[in-house]
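Reading through the structure tokens given below for one structure.
The values are calculated or read from the model by the stated rules, or taken from the named source; none is laboratory data. These numbers were taken from a predicted model, which means no experiment stands behind them. Because the Cβ atoms are built from the backbone with ideal geometry, glycine has one as well, and the counts that use them run over all protein chains shown. All accessible areas refer to the heavy atoms of the entire protein, side chains included, with ligands and DNA or RNA removed. Shrake-Rupley method; radii C 1.70, N 1.55, O 1.52, S 1.80 Å.
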Amino acid sequence: MTVIQISQISVSIQIAVLAVLLGLTVRLVGESARNLTAVFLSFSFGLWLLTDLYWLIYDLMRPESRMPFAANEIGETAMSLVIAAMVNSAIRRPTRLPMGFLTGTCLFAVSNAVLWILWSGEIVEDIIVGVVYAWLYCSIVRSLRSEQALTGTKWIVLGVLCTALIVCQSLTFIVSEDIKNIPDLFAYILLIAVAVFFACLFIRSYKEKLAHVQMFLSFALVIWITTAKYMSGGNWYNLFLTLETPGLILWFLSVRKAVKAV
């Protein structure tokens, strides 16, 4: 089975799961008296479902063609904005990000955009997506700070891991082809390490029955996995694509729990 075929199977499974989650979330909207977070979640699932469908149909019709800046990527950009709105709607104690957090988060988003441009050469598209992701990342960080989901030490660890990731990804453009696989491998290890980092925090919040902390950590986990997907290729891309799907189920369960806890 080829890498493309595995991607198509993973996306097909994700489409089926999203269809079920969308139906459940629409029901949750009614049960929660149109809770804003639940409403935004339903829009997020709907947009995600449509972009997956477009990507799958295009890939089946033109398996060897690179997709230009098309409807699915416009949909993904809109989806990211809706997800950011969902995160912000759930924050109970709105606070401004300190300058250090704001700067670090925006630098990470800018670094991602630069790497995307180097990989794809699509300057305008990647700048637009980078700006949207900067807002999404800032929303995630602000939500985690609002619930004190991470201690000072954990923020430092996260910052070090993200910095090391950008360094490793950048080195792949600088070092010779003979040793390019070394920083590339370290980058994938770091991507997995941060995913495990958020997963462990999520499990702890679940055990401690912290509904809002659990919800924000589920947002952070899935957005990180999506970021890792965009930074990956081949079987690594398929790994993160596959991990997105159970993460989306966590979104629904976490939002439902937080909404019912209100």
Over the chain, what percent of the accessible surface lies on carbon and sulfur atoms, probe 1.4 Å?
69
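Please list MET99, MET231 from largest to smallest accessible area, probe radius 1.4 Å, with all protein chains kept in place.
Result, largest first: MET99, MET231.
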Compute a Gaussian network model of the chain, connecting alpha carbons closer than 10 Å, and tell me which residue from LEU22, LEU185, LEU150 fluctuates the most.
LEU185
Nearby lysines by direct alpha-carbon distance to LYS260 (threshold 16 angstrom, same-chain neighbours under 8 apart not counted):
LYS209
Given the convex hull over the Cα atoms of region 178-262, what projected area results after averaging over all orientations, in nm²?
5.4
Check cross-link reach from LYS207 to the aspartates and glutamates: straight Cα distance under 17 Å, and skip same-chain residues fewer than eight apart.
GLU147
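For the full complex of protein chains and a 1.4 angstrom probe, list TYR230, TYR133, TYR206 by accessible area with the highest value first. Could you put the intermediate results ahead of the total?
Numbers: TYR230 65, TYR133 15, TYR206 135 Å².
Final ranking, largest accessible area leading: TYR206, TYR230, TYR133.
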Global size of the chain as Cα Rg and Dmax, reported in angstrom:
18.1, 59
In what order, largest first, do GLU244, GLU208, GLU177 sit by accessible area if the probe radius is 1.4 Å?
GLU177, GLU208, GLU244
If a/c stays under 1.5 just call it rounded; otherwise compare a/b with b/c (prolate if a/b is bigger, oblate if not). Do that for region 6-122, with a ≥ b ≥ c from the square roots of the Cα gyration tensor eigenvalues.
oblate
In Å², rounded to a whole number, the accessible area per residue of the chain with probe 1.4 Å is 49
Asserting the computed 222 nm helical MRE of the chain (DSSP H runs at least 4 long, -39500 (n - 2.57) per run, divided by residue count, to nearest 500) equals -29000 deg cm²/dmol
Cα-projected label distance for ILE128 with LYS209, points at 7 Å along beta-carbon direction, nm
4.7
Considering only C-alpha atoms, what is the centroid distance from region 207-254 to region 145-192, in Å?
17
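For every other residue with a beta carbon closer than 11 angstrom to the beta carbon of TRP116, add +1 if it is Lys or Arg and -1 if Asp or Glu, then tell me the sum. List each step's numbers first, then the result.
Values: positive: none; negative: GLU122, GLU125, ASP126.
Summing Lys/Arg as +1 and Asp/Glu as -1 gives -3.
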Under the rule that an exposed site lies in a DSSP loop and has at most 14 other Cβ atoms within 10 Å, name the longest stretch of the chain with no trypsin sites (Lys or Arg not before Pro) of that kind, not counting the sites themselves.
97-179
Among the lysines, select those whose C-alpha is under 26 Å from the C-alpha of LYS229, and discard any that sit fewer than 8 residues away in the same chain.
LYS154, LYS180
